[in-house]
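The block underneath contains the structure these notes are about, expressed in structure tokens.
FYI, it's all coordinate maths here, none of it is from the lab. Just so we're clear, the structure is a prediction, and the values are computed from it rather than from any experiment. Every residue, glycine among them, receives a Cβ derived from its backbone with ideal geometry; neighbour counts consider all protein chains shown.
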Amino acid sequence: MKTWSVYIVRCRDGSLYIGASNNVTARIARHNAGTGARYTRSRRPVELVWKRRQKDKSRALSIEARLKRKSRADKLKLITGSISLRTLLSS
């Protein structure tokens, strides 16, 4: 059984990218090799700034989609720890 995670990377241009994966280390390597998401290809290198494990793929993908709809300010609060994932998603 694979563990899934939701993650946020900061791109070279300062933008944030949110993803979900069952192997975040390998996924970050793909982003930095230019074979990951189209969004990150021209914004390399990326740096992992936040990651949370989830119980399964469905939950990880659901949280990924919900986080993508949040504001940049909210995402930065999550990264710095000034707001919890639970609190952010309940607002």
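Only one of the numbered conditions (1) of a type outside the set (Val, Ile, Thr); (2) touching a residue at least 40 places away in the same chain (Cβ under 8 Å); (3) exposed (fewer than 15 other Cβ atoms within 10 Å of the Cβ) is violated by residue 7, and that is (3).
Checked against (1) of a type outside the set (A, V, I, L, M); (2) surrounded by 18 or more Cβ atoms within 10 Å (Cβ to Cβ); (3) farther than 16 Å from residue 85 by Cα, residue 19 passes all but a single condition, namely (3). Scanning the stretch 31-45 turns up no residue that is under 23 Å from residue 89 (Cα atoms), more than 12 Å from the chain's Cα centre (by Cα) and surrounded by fewer than 17 Cβ atoms within 10 Å (Cβ to Cβ). Does the stretch 46-83 hold any residues that are exposed (fewer than 14 other Cβ atoms within 10 Å of the Cβ) and assigned to a loop (DSSP other than H, G, I, E, B), and which are they? 55, 56, 69, 71, 81, 82 - these are the residues of the stretch 46-83 that are exposed (fewer than 14 other Cβ atoms within 10 Å of the Cβ) and assigned to a loop (DSSP other than H, G, I, E, B). Close contacts from the stretch 23-47, counting a first residue that is free of Cβ contacts under 8 Å to residues at least 40 places away in the same chain and a second that is surrounded by fewer than 14 Cβ atoms within 10 Å (Cβ to Cβ) and polar (S, T, N, Q), with Cβ to Cβ under 8 Å and a gap of 6+ residues or different chains, come to 43/15.
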